[in-house]
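Down below is the structure, laid out as structure tokens.
The values are calculated or read from the model by the stated rules, or taken from the named source; none is laboratory data. Worth saying up front: this structure is predicted, and the values here are computed from it rather than measured. With ideal geometry, Cβ positions are generated from the backbone for all residues, glycine too; neighbour counts draw on all protein chains shown. What goes into the accessible areas is simple: the full protein's heavy atoms, side chains included, and nothing from ligands, DNA or RNA. Shrake-Rupley method; radii C 1.70, N 1.55, O 1.52, S 1.80 Å.
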Amino acid sequence: MSGRSTAWFGAAGRSGMIHRSWMRNQGVTDEVFDGRPVIGIATTWSELVPCNAHLHRVADAVKRGVWQSGGFPLEFPCTGLGETLLRPTAMLYRNLLAMEAEELMRANPLDGLVLLSGCDKTTPGLLMAASSVDLPAVMVTGGPMLSGKYQGRDLGSGTQVWRFEEELAAGTITPAECAVAEGAMARSPGHCMTMGTASTMACLAEGLGMQLPYSATWPAVDARRDQTAQRAGQRIVELVTDDVRPSTIMTREAFEDAVRINAAIGGSTNAVIHLAAIAGRLGVPFSLDDVDALGRDVPTLVDLEPSGRFLMEDLCYAGGLPAVMREIAELLHLERPTVAGGTVKDAIADAACWNREVIHPFDRPMAPAGSGTAVLRGNLAPDGAVIKQSAASPTLARHRGRALVFDSPEQYRAVADDEDLPVDESTVLVLRHCGPRGYPGMPEVANVGLPRKLLERGVRDLVRVCDGRMSGTAYGTVVLHVAPEAAVGGPLALVETGDEIELDVPGRRLVLHVDDDELAARRVRWQPPPAPTGRGWTRLYTEHVLQADQGADLDFLVGGSGADVPRESH
């Protein structure tokens, strides 16, 4: 057969000689230039990304599958993004990964792609790139860590960090105990094993149809993770042969299903931003209203931290994502295609649940329909905000309190331990200038720790309102992604300490109780903050990033650009 890569390796004269000759220094034989599919393995491996540090091993398994099916695999690096180390936030660089990967995919002699990801932003970043180029592609996520084990109980990565921080501040545990727990919490390769953003996006990649069934949940160290990767290598060659592209798989129906799956698994609020960005690359209509409307009739079935008790290893052994999808099958588009071949109906036909404590039945859910991610609107968030209901306190779902306003997380942390901080259980903490442009990068800082004096009194939750994000491993009554953000003059910029804010989650409202004339006067006095200093990528990002409700992509990257062969260089 011949494909796109033939324009390189099948070319006549000097050009073809150059392309083939320099590849030969890797010891390949003549057969790789015979027109067989060339499969690019886009890896986000990096030792600076702990969640992805094992992806070389996964890539080796993919290569076995590609060779078995008659393809020519070539591994290439893309920007590694790890939320645990990268400052100020990996989200600042998600679009950079997407742009770099897109350019590499288009500029090289590739007929198909296998996307290797793990940590939070690497999965959506690679899906965004593959969507723009629209070459046949399969995703392989690196898998979650094994469950943490500490003092006879399970520990979830991320989620327990927040809890240990609270208990340490309250004086109920010691620093020495925390140090031991750190090692017990992350005891194997892989990404967070709670239902944080990494696990959520792995599940949604499978739910969208871009990842093979069951592959979202196999632990990173499980042999079946490598078996799945090998099958993905086999499958991508077939997808190239059949010309099955991401635009064929990730249709409007696929995104509708992804929203419902996210509700059923108690997934991260960050999924909302990433789904919007991926849909934007494909030209698929998708909005915050879709998230709220499509999720309202879906109960939360999966009992995982941070909303529940169990971890990804338990979900895997309970039946994985196909078992969850089978429970909500009546709400899904079962006839749409997946990269596995066949339809969603085929992919989940034999799925069984082996643990009803982990995956609840549809008629006896962990939480009732409409308890997933809710979209709020009102004069404080005219373009929308989100809240993860399953991670919030039910007693705060309807709440009215006085605002205590901070212009940065650093400003809040500087006074959080003060005994005279004017805060009580009814206070609404407002944290602003944390949005896409304001920070920049929209970091996961919205769930700031509670003031020490409240923790010491046993208070463990307050309403918090922010234009930034929250880790998918975190919990609390936190209103997120307020749009427009304060840095561009959104209403959040006009809030003053002492103003009353009303949160009504059932009513989907977020209201600032200040009359319009006063807000207009404040608007006149408002001065935009100085643009974040910086050069290079940070400057480009700040000047072109869209708001959270639009996926926080760069304005000039929205839409696809295809895989046309660049102009000949030799």
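Odds and ends about this structure:
- Unique match (being among the charged types (D, E, K, R) and in contact (Cβ under 8 Å) with a residue 40 or more places away in the chain) among 14, 24: 14
- Of the set (1) over 29 Å from residue 234 (Cβ atoms); (2) touching a Ser or Thr at 6+ places or on another chain (Cβ under 8 Å); (3) open to solvent by 10 Å² or more (accessible area, probe 1.4 Å); (4) not small (Gly, Ala, Ser), all apply to residue 316 but (1).
Here's the yes/no breakdown for (1) over 23 Å from the mean Cα position of the chain (by Cα); (2) of a type in the set (A, V, I, L, M); (3) closer than 27 Å to residue 242 by Cβ:
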site	(1), (2), (3)
12	yes, yes, no
15	yes, no, no
47	no, no, no
52	no, no, no
63	yes, no, yes
77	no, no, no
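- For first residues located in region 265-293 and among the basic types (Lys, Arg), partners that are at pLDDT below 95 and lie 6+ apart or on another chain with Cβ distances below 9 Å form the pairs 281/559; 281/560.
- Listed by position, the helices (runs of 4 or more DSSP H) enclosed by region 1-77 that each have at least 1 residues that are open to solvent by 60 Å² or more (accessible area, probe 1.4 Å) are 13-23, 55-68.
- Sole exception among (1) among the β-branched types (Val, Ile, Thr); (2) open to solvent by 60 Å² or more (accessible area, probe 1.4 Å); (3) in contact with a Pro (Cβ under 6 Å, 6 or more places away or on another chain) for residue 545, by number: (2)
- Within region 146-218, helices (runs of 4 or more DSSP H) holding 1 or more residues that are out of contact with any Ser or Thr (no Cβ under 8 Å at 6 or more places or on another chain) and among the charged types (D, E, K, R): 159-170, 175-185
- Among (1) modelled with pLDDT under 95; (2) of a type in the set (Lys, Arg); (3) in contact with a Cys (Cβ under 9 Å, 6 or more places away or on another chain), the one test that residue 326 misses: (1)
- Among the conditions (1) of a type in the set (D, E, K, R); (2) under 24 Å from the mean Cα position of the chain (by Cα); (3) within 30 Å of residue 303 (Cβ to Cβ); (4) open to solvent by 10 Å² or more (accessible area, probe 1.4 Å), residue 388 misses just one, which is (4).
- Scope region 433-474; condition under 16 Å from residue 169 (Cβ atoms) and assigned to a loop (DSSP other than H, G, I, E, B); matching residues: 447, 448, 449, 450, 451, 457, 458, 459, 460, 461, 462, 474
- Options 140, 133: the member that is in contact with a strand residue (DSSP E or B) (Cβ under 7 Å, 6 or more places away or on another chain) and not charged (D, E, K, R): 140
- Checking each residue in region 195-224 for being within 21 Å of residue 81 (Cα to Cα) and of a type in the set (A, V, I, L, M) picks out 195, 198, 201, 202, 204, 205, 210, 216, 220, 221.
- Check on residue 176, surrounded by fewer than 24 Cβ atoms within 10 Å (Cβ to Cβ) and within 27 Å of residue 303 (Cβ to Cβ): no
- Selection status of residue 208, touching a residue at least 40 places away in the same chain (Cβ under 8 Å) and under 16 Å from the mean Cα position of the chain (by Cα): yes
- Cβ separations smaller than 8 Å between residues 6+ apart or across chains give the following pairs from region 240-252 residues that are on the phi < 0 side of the Ramachandran plot to residues that are assigned to a helix (DSSP H, G or I) and polar (S, T, N, Q): 246/131; 247/131; 250/131.
- Meets criteria (touching a Pro at 6+ places or on another chain (Cβ under 9 Å), open to solvent by less than 70 Å² (accessible area, probe 1.4 Å), of a type in the set (A, V, I, L, M, F, W, C) and over 22 Å from residue 105 (Cβ atoms)) for residue 503: no
- Residue match in region 16-34 (condition: of a type in the set (S, T, N, Q) and within 21 Å of residue 237 (Cα to Cα)): yes
- Candidates 291, 298: the one that is more than 20 Å from residue 141 (Cβ to Cβ), out of contact with any Leu (no Cβ under 7 Å at 6 or more places or on another chain) and of a type outside the set (Phe, Trp, Tyr) is 291.
- Checked against (1) open to solvent by less than 50 Å² (accessible area, probe 1.4 Å); (2) farther than 22 Å from residue 215 by Cα; (3) among the β-branched types (Val, Ile, Thr), residue 84 passes all but condition (1).
- Candidates 496, 518, filtered to the one that is closer than 15 Å to residue 427 by Cα and surrounded by fewer than 21 Cβ atoms within 10 Å (Cβ to Cβ): 496
- Any hit, region 540-552, residues being free of Cβ contacts under 8 Å to residues at least 12 places away in the same chain, part of a loop (DSSP other than H, G, I, E, B) and either of a type in the set (Val, Ile, Thr) or within 22 Å of residue 102 (Cα to Cα) (or both): no
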